[in-house]
Amino acid sequence: MERFITKSGIYQNLDKRRWEYWLVLSKERKVLVSWLCWNAPKDVYDNWVGSYS
């Protein structure tokens, strides 16, 4: 998954069935900051997305 991350933002991890927020500091330094499972309620998802926008 990490090799597909090119810029900071929210990505879908199809293998783990979750959303992930990645922070890209450089091409070599990528940090998984937070993740949320796909079956989280919509209000939880909206709040989670809002905290990174």
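Any read-out appearing in this document is the output of simple, stated calculations on the displayed coordinates, not a laboratory observation. All values derive from a computational prediction rather than experimental measurement. Don't worry about glycine lacking a Cβ; one is built from the backbone with ideal geometry, like all the others, and counts go over all protein chains shown.
Odds and ends about this structure:
- log₁₀ of I(q)/I(0) at q = 0.25 Å⁻¹ - the chain, Debye sum with one point per alpha carbon: -0.98
- Stretching the chain fully between residue 5 and residue 23 yields a gain of 5.6 nm (0.36 nm per residue, less the alpha carbon separation).
- The residues 20, 28, when put in order of fewest to most other Cβ atoms within 10 Å, stand as 28, 20.
- Each of 17, 3 was scored by other Cβ atoms within 10 Å of its Cβ. Arranged with the fewest first, they read 3, 17.
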